[in-house]
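Everything on this sheet refers to the single structure shown next.
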């Protein structure tokens, strides 16, 4: 199944089991992506400068998902139905738009990866 179809399928899922499977696949993709990102940072770190570049890894693995992600989620779920929890707090009920926007947010990441691969291929040709 192509990526485009995969995101479309997640956007269209309404069944709890299918949403669970889609969410599981998204989390597996996130964890695999972060492992590759961390390994790539280590591979590209100049000798003796590991401490300086670990900050980039922390920004990519903690700041962006932990701060920027919830802000995007808040924008996507603006106006969504809310429920009151047992402790009196309110929570959003996620709707299908969250999957659509996850796919949209993925586009710049995919573009950066494609540009990086093209740059590596050009460097390999000239080497």
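State yes or no: is residue 121 over 28 Å from residue 18 (Cα atoms), over 23 Å from the mean Cα position of the chain (by Cα) and without any contact (Cβ under 8 Å) to a residue 12 or more places away in the chain?
yes
I'd like the full set of residues that are without any contact (Cβ under 8 Å) to a residue 12 or more places away in the chain and in contact with a helix residue (DSSP H, G or I) (Cβ under 9 Å, 6 or more places away or on another chain), limited to the stretch 11-24.
18, 19, 23
Check 29, 38, 22 and return the single one that is part of a helix (DSSP H, G or I), out of contact with any strand residue (DSSP E or B) (no Cβ under 8 Å at 6 or more places or on another chain), modelled with pLDDT under 85 and surrounded by fewer than 14 Cβ atoms within 10 Å (Cβ to Cβ). Give the steps one after another, and end with the answer.
Working: 38 fails: surrounded by fewer than 14 Cβ atoms within 10 Å (Cβ to Cβ); 22 fails: surrounded by fewer than 14 Cβ atoms within 10 Å (Cβ to Cβ).
It is 29.
The values are calculated or read from the model by the stated rules, or taken from the named source; none is laboratory data. Everything numeric in this text was worked out from a predicted model, so none of it was measured. Cβ sites come from the backbone with ideal geometry, for glycine too, and all protein chains shown count toward neighbours.
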